[in-house]
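Scroll down for the structure; my scribbles are underneath it.
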Amino acid sequence: MKHTASCLLLSMMVAGPVIAQTPPPTRETPPVAPASPGVPAPVVAPVRDPVYAACLADLRTVAEKQGVTPASFDAYTQGLAADMSVMDLLDAQPEFTTPLWDYLAALVDEQRVADGQAMLATHRDLLDRVALAYGVDAATVVAVWGVESDYGRVFGKRPLLVSLSTLSCFGRRQAFFRGEFLTTLKLLQAGDIRAEGLTGSWAGAFGHTQFMPSTYERIAVDFDADGRRNLIDSIPDALASTANYLVKSGWRTGEPWGYEVTLPPGFDVGQAGRTSRKPLTQWIAQGIARVDGQPLSVDDRNAAVLVPTGFTGPAFLVFKNYDAIYSYNAAESYALAIALLADRLRGGAGLITAWPTDDPGLGRPQRRELQTLLLARGHAIGAADGMIGTQTRRAIVVEQQRLGLQPADGRAGAKILAALKAEGPPVAPPEPRKP
């Protein structure tokens, strides 16, 4: 885990039940500084677990050695109580548990492409300045923004200090999360962020592009020159900080992340893998070619071949900029989502090779359509919002069983959508005849 611990949007749309998300407040107006900088108002909360309380006492000593005053520590932690529900999410990251075609269908759908193109137009001047300052193209920066928070709509609703303090005191990787918790306290004390309303993902990523606190401390920049590095309320700071992250991860200006390619017959997939690098000329000599028919530059840049779903699925030739994207959240599925969304934002048509499945995943418009069909059949699933939660999955199981679709697993895929559409609207029973 080098940046975000999980993809917040995917956890909402694909994984198990999560806390409902609502859009954050409008972010154009600069926040009002607290009356006492660095010290928030106390928060009332339940009595602490004794193990948790002892852990916080130890952290207080460590925090003081790192420059967090006892008064600040006490103010920020007063009333905190452990939230053990985060422990269940520690090993359930959707990047590693969701089929790739479902993962990408949810994150690179027509809605996110259209919204991203609108953001490119709205923030064109800002993105031009970011590109000039850091050398990262606008489409890549906006793609990260879109995948991480749906362009600022979904920041996460878990109180950051609660999640990070819980993960600091229980379960595995306590040392990592203690570092993130203490860094958050330092950012609060410095005035970069405010404790009031500070929320994010279950693992502590927050803001427009979901930086972990340690990443925030190292990488965030004050691009709007207001004296604060504010990735929550400032779009300029957030987008410039994202570009700065990619640059520090090895981004090369003007170079592609990679291409979808075709593999020659008999290609040894044992050569594939992000870290299995060869000069581009060697891959070309083996017969690898761009799937769109465009020529590959004949040079000795190191490149790798990815076959994430096997020989029959899409294959990719990737370069150094793919590694920079990958470093943002170390998962192949995540890096491909950013890269493919950026291509779509540049006007690309998307993948040419189909995924090796007869039941492709659904984007949000199709998920809403599916939910509308379920509602029409009397399933109490709430609103048709495109978010696949427990009630929607239960309703899908019922319909899969009724239609004889196997497996009856509650998955929101193309098969169940097609089957319900083919049925047409349910026929209402005839009204009883009046005497």
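Rule-based calculations on the coordinates, nothing more; no lab input. Here the structure is a predicted model, which means the values were calculated and not measured. Positions of Cβ are backbone-derived with ideal geometry, glycine not excepted, and every protein chain shown enters the neighbour counts.
Per 0.36 nm of contour for each residue apart, how much would the distance between VAL62 and GLN391 grow if the chain were fully extended, relative to their Cα-Cα spacing?
Answer, rounded to one decimal: 114.0 nm.
Using Cα positions and a limit of under 17 Å, work out the aspartates and glutamates in reach of LYS157, with same-chain residues fewer than 8 apart set aside.
Once the sequence-local aspartates and glutamates are set aside, what remains near LYS157 is ASP83, ASP88, GLU148, GLU196, ASP233.
Tell me the Kirkwood radius of region 258-345: reciprocal of the mean inverse pair distance over distinct alpha-carbon atoms, in Å.
It is 13.2 Å.
So if I restrict to the alpha-carbon atoms in region 79-221, what is the Rg, and what is Dmax, the biggest pairwise distance, in Å?
Cα only, region 79-221: 16.8, 46 Å (Rg, Dmax).
How would you order 260-266, 326-332 from highest to lowest mean count of nearby Cβ atoms within 10 Å?
The most tightly packed comes first, giving 326-332, 260-266.
Report relative contact order for region 162-287 in percent, whole number only (criteria: Cα-Cα under 8 Å, sequence separation at least 6).
It rounds to 15 percent for region 162-287.
Full-extension gain between ARG173 and ASN302, please, as 0.36 nm times their residue separation minus the C-alpha to C-alpha distance.
43.0 nm
Once Lys and Arg get +1 and Asp and Glu get -1 on their Cβ, which of HIS123, PHE181, ILE219 lies farthest toward the positive end of the dipole of region 104-241?
It is PHE181, whose Cα lies furthest towards the positive end.
Would you mind ranking SER149, SER85 by Cβ crowding within 10 Å, fewest neighbours first?
SER85, SER149
Let me spell out the model: positive unit charges on the Cβ of Lys and Arg, negative unit charges on the Cβ of Asp and Glu, origin at the Cα centre of the chain. What dipole size does that give, in debye rounded to 20?
520
I'd like to know which of PRO356, PRO308, ALA205 lies farthest towards the positive end of the charge dipole of the chain, counting +1 on Cβ of Lys and Arg and -1 on Cβ of Asp and Glu.
Farthest towards the positive end: PRO356.
Contour minus end-to-end for ASP125 and ASP74, with contour as 0.36 nm per residue of separation and end-to-end as the Cα-Cα distance?
Contour length minus Cα-Cα distance gives 14.1 nm.
With 19 Å as the cut-off, how large is the P(r) tail for region 334-424, expressed as percent of Cα-Cα pairs?
The share of Cα pairs beyond 19 Å in region 334-424 comes to 45 percent.
Taking the Cα centroid of region 167-205 and of region 338-359, what is the distance between the two, rounded to the nearest whole Å?
Taking the Cα centre of region 338-359 as reference, the centre of region 167-205 is 35 Å away.
Where the only charges are on Cβ atoms (+1 Lys, Arg; -1 Asp, Glu), what is the dipole of region 364-423 about its Cα centre, to the nearest 20 debye?
Charge dipole, region 364-423, about its Cα centre: 80 debye, nearest 20.
Along the positive direction of the dipole of the chain (beta-carbon charges: Lys, Arg +1; Asp, Glu -1; about the Cα centre), which of LEU89, SER72, TYR245 reaches farthest?
LEU89
Determine the principal axes of the Cα atoms in region 228-291, then give the extent along each, sorted from largest to smallest and rounded to whole angstroms.
Taking max minus min along each principal axis of the Cα atoms, region 228-291 gives 55, 21, 19 Å.
Using a basic spin-label model with each label point 7 Å from the Cα along Cα→Cβ, how many nm lie between ALA53 and THR262?
Between ALA53 and THR262, the label points sit 7.0 nm apart.
Translational diffusion coefficient, Stokes-Einstein: compute it for region 89-163 using the Kirkwood radius over C-alpha pairs as Rh, at 37 °C and 0.692 mPa s, and state it as an integer in µm² s⁻¹.
230
Averaged over all directions, how much area does the convex hull of the C-alpha atoms of the chain cover when projected, in nm²?
27.0
Just grab the label-to-label distance for LEU375 and ALA81, each label 7 Å out from Cα along the Cβ direction, in nm (one decimal).
3.5
Ranked by Cβ crowding within 10 angstrom, fewest neighbours first, how are HIS208, HIS123 ordered?
HIS123, HIS208
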